[in-house]
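Notes follow the structure.
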Amino acid sequence: MGPIPPIKEELCFSIDLKKSEKRMIQLLLPEHMQPQELRKELLELDPGLKIGIGPEKESPEKVEFVVIWNQPHGTLRPYRNLKAICVYGHGVDSALQDPELPQEVPIFRLADQTMALWMSEYLLTAVLMHRRQMVMHIREPENIPWGRTVRLEGNRVGILGLGFLGQDAAKLFLKLGFEVWGWSRSPKTLADVSCFHGNEGLDEVLSNSDFLISLLPLTSETENLLDLKSMKKMKKGAYLINVGRGKVLVEEALIQMLDESHLSGACLDVFRQEPLPQNHIFRKHPKILVTPHNSSSTPAKSVAPQILENYKNLKQDRPLKNLVDLRRGY
Ligand code: GLV
């Protein structure tokens with residue numbers, strides 16, 4: 001089947017409603033997440049699907065399956081026949097913060113190989129850029145002697161969060177000869193990775209990692225986990241990379257750790273406030289590399305099959321995959 005031309009939003013609403021008694025899937029995604037792309041990919045897989053984009057005002061009772069990202073609180077209120085909620089990304093904190101999230105409706109998230117690849121690629125880039133001091137080559141080429149390799153020595157990568165993304169990154173770093181240590185909430189065993197958990201385990205990883213990567217989800221347990229106290233435990237000269245959630249890191253504490261040269265630098269993709277305000281100190285700090293929450297994103301083509309699979313699981317009363325555990329918060 002060839003590519004489906006873009007359809008005007010209002011048009012596809014009325015077509016869907018006339019064609020079918022029940023509209024099944026509603027994409028409640030912000031524009032930058034390109035809901036039209038997802039609609040196109042889902043329809044390529046199953047042209048019979050009924051898919052609306054944006055709030056369904058006329059017949060919200062016909063919506064049984066929604067795809068959401070960072071929804072304004074109360075967004076789901078009109079959909080009283082909801083049977084499943086798909087969070088269109090990896091972290092679910094923004095979805096769970098909605099006080100009007102229907103409690104009894106199962107929520108699942110995406111676990112996608114392309115998302116993991118993009119994330120691992122970003123993490124490797126950040127680590128290698130720092131190891132080979134690439135930013136210094138751009139900013140101060142005059143300070144780098146001709147013909148002499150600049151390469152920091154530390155070889156141990158510590159990964160906080162050993163879920164789908166953390167495990168993928170660990171494999172990539174191992175392939176390239178890094179030593180990988182990891183920390184997770186519950187005990188884990190992963191081939192060739194030194195795995196730690198609990199408070200003592202965290203201290204071990206903090207104090208021994210040359211590169212510390214946070215891929216942690218935001219939960220009541222991880223909020224402000226990287227504060228002054230824990231960053232003081234980090235190895236002197238370590239490099240911090242935060243791609244999990246901004247609220248895991250206490251920003252003033254990081255500035256202090258960098259200004260006191262306890263840490264050598266940081267690469268940050270997530271922030272307490274997003275987009276990061278233009279005048280935020282992180283943007284001008286010489287030891288901080290800022291990226292605009294784009295270490296990875298949700299590729300519609302790659303994730304459409306798993307969304308469809310769960311939609312079919314729902315229709316056929318089979319268990320949904322990648323369900324969110326509401327007690328754990330991820
Ligand atoms: C992005 O931050 C995601 O959680 O998918």
Convex hull (Cα only) mean projected area of the chain, reported in nm² to one decimal:
19.6 nm²
For the chain, modelled as a GNM with alpha-carbon contacts under 10 angstrom, which of 189, 291, 149 fluctuates the most?
149
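What does the charge count around residue 71 come to, taking other residues whose C-beta lies under 15 Å from its C-beta (Lys +1, Arg +1, Asp -1, Glu -1)? Could the numbers behind the result be given before it?
On the way: positive: 77, 109; negative: 31, 56, 93, 98, 100.
Net charge around residue 71: -3.
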With the other protein chains left in place, how much accessible area per residue, in square angstrom, belongs to the chain at a 1.4 angstrom probe?
51 Å²
Using a basic spin-label model with each label point 7 Å from the Cα along Cα→Cβ, how many nm lie between residue 31 and residue 252?
3.7 nm
Quick check: Cα centre of region 144-183 to Cα centre of region 185-206, how many Å?
16 Å
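What is the gain in length, in nm to one decimal, between residue 262 and residue 45 on full extension, counting 0.36 nm per residue of separation less the C-alpha to C-alpha distance? Don't jump to the answer; show the numbers that get you there.
Numbers: separation 217, 0.36 × 217 = 78.12 nm, distance 5.20 nm.
Taking residue 262 through residue 45 to full extension adds about 72.9 nm, to one decimal.
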Once you charge only the Cβ atoms, +1 for Lys and Arg and -1 for Asp and Glu, what is the size of the charge dipole of the chain about its Cα centre, to the nearest 20 debye?
320 debye
Tell me which DSSP H helices of the chain clear both cut-offs, 20 Å or more of axial length from alpha-carbon atoms and a mean Kyte-Doolittle hydropathy of at least -1.0.
113-131, 300-315
Keeping all protein chains in position, work out how much accessible area residue 32 exposes to a 1.4 Å probe, and write it in Å² to the nearest 10.
140 Å²
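Rounded to the nearest 0.05, what FRET efficiency do residue 58 and residue 83 give with R0 = 22 Å and r taken as the Cβ-Cβ distance? Could you check? Before the final figure, lay out the partial values.
On the way: r = 20 Å, r/R0 = 0.89.
Calculated value: 0.65.
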Ignoring ligands, DNA and RNA, what percent of the 1.4 Å accessible area of region 113-290 is carbon and sulfur?
53 percent
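Quick one: net charge of residue 149's neighbours, Cβ under 14 Å, K/R +1, D/E -1? Mind dumping the intermediate values first?
On the way: positive: 131, 132, 148, 151; negative: 153.
Combined, the nearby Lys, Arg, Asp and Glu give +3.
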Given R₀ = 35 Å, what would the calculated FRET efficiency be for residue 155 paired with residue 186, taking r from the Cβ atoms and rounding to 0.05?
0.80
Consider a paramagnetic label point 7 Å from the Cα of residue 280 along Cα→Cβ; state which residues of region 33-77 have an amide N under 18 Å from it.
70
Go ahead and set up a Gaussian network model of the chain, Cα springs under 10 Å, then flag whichever of 54, 161, 265 fluctuates most.
54
For region 113-290, what Kirkwood radius comes out of the mean inverse Cα-Cα distance, in Å?
16.5 Å
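Count charges around residue 125 for me, please; just the other residues with Cβ under 12 Å from its Cβ, Lys/Arg as +1, Asp/Glu as -1. Walk me through the intermediate numbers first.
Numbers: positive: 131, 132; negative: 121, 269.
Result for the neighbourhood of residue 125: 0.
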Out of 153, 61, 251, any idea which swings most in a Gaussian network model of the chain, alpha carbons joined below 10 Å?
153
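The values are calculated or read from the model by the stated rules, or taken from the named source; none is laboratory data. What you are looking at is a predicted structure, and each value in this text was computed from that prediction instead of being measured. When we count neighbours, we look across all protein chains shown, and the Cβ atoms used for this are built from the backbone with ideal geometry, even at glycine. Surface accessibility is based on the protein's heavy atoms, side chains included, excluding ligands, DNA and RNA. Shrake-Rupley method; radii C 1.70, N 1.55, O 1.52, S 1.80 Å.
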